[in-house]
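Engineer: First the structure, which I've put down as structure tokens, then a few questions once you've had a look.
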Amino acid sequence: MSHGRHANSRFLLDNGVSRTPPMGWNSWNHFWCGINESVVMSTADALVSTGLASLGYKYVNLDDCWAESERDENGKLRGKASTFPSGIKALADYVHARGLKLGIYADAGNRTCSNQMPGSLHHEYEDAKTFAQWGVDYIKYDNCYHDGTRNRESYTAMGHALQKIKRPIHFSLCEWGQEDPAKWAGAYGHSWRTTGDINDTFASVTWIADLNNRWGRYAGPGRWNDPDMLEVGSGGMTMDEYRSHFSIWSLMKAPLLIGCDLRSVSNRTLRILGNKEVIEVNQDSLGVQGRKLRSKDGLGVWAGPLSDNRVVVVLWNRSELRALITAVWRDFGLSPNTPAIVRDFWKHKYVSMNERDRLTASVAPHACKMYVLTPLQS
């Protein structure tokens, strides 16, 4: 595809959607195929009652298994009568009435990954039109049971269909990084998976973070690398590990899609997911993905630029022992003599009003320290 056509596709998608990374909830990590309209409605209510919606968590996203196993007599998708008896349009209305947005799941192949509902292959425009009529705001588009067509071509078809319907829908491409989508998916969608599926282990978080780190230069407002959903609160990791997970995802400008059951979420989990200062890093208007600057023996320095000439720094200890980690001003382009205000975003306090040259912290195993530096004039 020529550069001109790429530019045109990008222009058509610049509809104000996801100028910052999308935030919300997705059903898959906790519920798998066990979703129904009651679960989704009560989760929408929980987003509001916990205060998470007011912090930016707006999307309520259905994953696989929401539809009947076959299309209707007119070839259209339909909500599964046994689990979504009111229909998807009514569900969208319920979600919208609470100031939230509804996301849905589809697939570029003949069947979805669960093999329990039809895919959108050769039905792209029809399905896009159906989703728009229902009031859908977000589409996660998987890639199971495809026909052997290159992933890029499959996703182009749905991307063009969504352009035609002219509803502002976030298009999330999920081909697991197989064809390096960071290099091309920004012409068709707003976010793209860069890795395989996450699971609720620290090993999975570190592996995925490193893979996603490679593609930072391709991200920016309206086009985001997606290292998969958040596992915070799912129960398999420690609170330190969950704080590290949330910090790195926020620094990398990843979509923040909660995967736990929000109807019974703990206060400790809410304090992580609801850390307003960390969320502000993720939603920063500059939209530059932070990256790993260096790492040795499991001790890493990650950093990235923020608006107003600030810098976010995460000192991440992936080792099994407490250790000192040091970030040097030159790591992120500051002169050693430049003084900076340093704020700890997990302790919510200033640790220095005039720090120079370097920042050192003692970091517990699998934990991190997250700071924002505001340079001052020398």
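Engineer: Is there a residue in region 320-342 that is surrounded by fewer than 15 Cβ atoms within 10 Å (Cβ to Cβ), under 21 Å from VAL205 (Cβ atoms) and not basic (Lys, Arg)?
Structural biologist: Yes: one or more hits.
Engineer: Let me ask you something else. Restricting attention to region 219-275, which residues are within 15 Å of VAL205 (Cα to Cα), more than 10 Å from the chain's Cα centre (by Cα) and hydrophobic (A, V, I, L, M, F, W, C)?
Structural biologist: Across region 219-275, the qualifying residues are VAL232, MET237, MET239, PHE246, ILE248, LEU251.
Engineer: Assess whether SER204 counts as being surrounded by fewer than 24 Cβ atoms within 10 Å (Cβ to Cβ), in the same structural domain as TYR138 (by the TED database) and part of a loop (DSSP other than H, G, I, E, B).
Structural biologist: Here the answer is no, as SER204 does not meet what is asked.
Engineer: Starting from region 37-61, take each residue that is among the aromatic types (Phe, Trp, Tyr) and list its partners that are crowded, with 18+ Cβ neighbours inside 10 Å and in a helix (DSSP H, G or I), counting only C-beta distances under 8 angstrom and pairs at least six apart or across chains.
Structural biologist: Pairs that qualify, where the first residue is among the aromatic types (Phe, Trp, Tyr) and the partner is crowded, with 18+ Cβ neighbours inside 10 Å and in a helix (DSSP H, G or I), are TYR57/LEU47; TYR57/LEU273.
Engineer: May I pose another question? So how many residues does region 178-189 have that are more than 17 Å from LYS253 (Cα to Cα), open to solvent by less than 20 Å² (accessible area, probe 1.4 Å) and in a loop (DSSP other than H, G, I, E, B)?
Structural biologist: 2
Engineer: If you don't mind, there's one more thing I want to ask. Among the candidates ASP297, ASP284, which residue alone is surrounded by 13 or more Cβ atoms within 10 Å (Cβ to Cβ) and not small (Gly, Ala, Ser)?
Structural biologist: ASP284
Engineer: Could you count how many residues in region 74-97 are surrounded by 16 or more Cβ atoms within 10 Å (Cβ to Cβ) and within 24 Å of the chain's Cα centre (by Cα)?
Structural biologist: 5
Engineer: If I ask for residues that are over 14 Å from GLN116 (Cα atoms) and touching a Ser or Thr at 6+ places or on another chain (Cβ under 9 Å), which ones from region 63-87 would you list?
Structural biologist: Matches in region 63-87: LYS76 only.
Engineer: Say whether the condition of being over 27 Å from CYS33 (Cα atoms), among the aliphatic types (A, V, I, L, M) and open to solvent by less than 30 Å² (accessible area, probe 1.4 Å) is met by at least one residue in region 251-266.
Structural biologist: Taking every residue of region 251-266 in turn, at least one turns out to be over 27 Å from CYS33 (Cα atoms), among the aliphatic types (A, V, I, L, M) and open to solvent by less than 30 Å² (accessible area, probe 1.4 Å).
Engineer: Looking at region 54-69, which of its residues are among the aliphatic types (A, V, I, L, M) and farther than 13 Å from ASN275 by Cα?
Structural biologist: Within region 54-69, VAL60, LEU62, ALA67 qualify.
Engineer: I've got another one for you. I want to confirm something. Restricting to region 30-71 and keeping residues that are in a helix (DSSP H, G or I) and farther than 20 Å from ASN267 by Cβ, which single residue is most open to solvent (accessible area, probe 1.4 Å)?
Structural biologist: Among those residues, the one meeting the criterion is SER38.
Engineer: Sticking with this one: GLY304 - would you say it is under 22 Å from GLU280 (Cβ atoms) and open to solvent by 30 Å² or more (accessible area, probe 1.4 Å)?
Structural biologist: When the stated conditions are applied, GLY304 does not pass them.
Engineer: How about region 305-335: which of its residues are within 18 Å of LEU251 (Cα to Cα), part of a loop (DSSP other than H, G, I, E, B) and touching a residue at least 12 places away in the same chain (Cβ under 8 Å)?
Structural biologist: LEU306, ARG310, ARG318, listed by residue number.
The values are calculated or read from the model by the stated rules, or taken from the named source; none is laboratory data. Please read these numbers as outputs of a predicted model, since none were measured by experiment. Cβ coordinates were reconstructed from backbone atoms using ideal geometry, including for glycine residues, and neighbour counts include every protein chain displayed. Note: accessible area is taken over every heavy atom of the protein model, side chains too, but ligands, DNA and RNA are not part of it. Shrake-Rupley method; radii C 1.70, N 1.55, O 1.52, S 1.80 Å.
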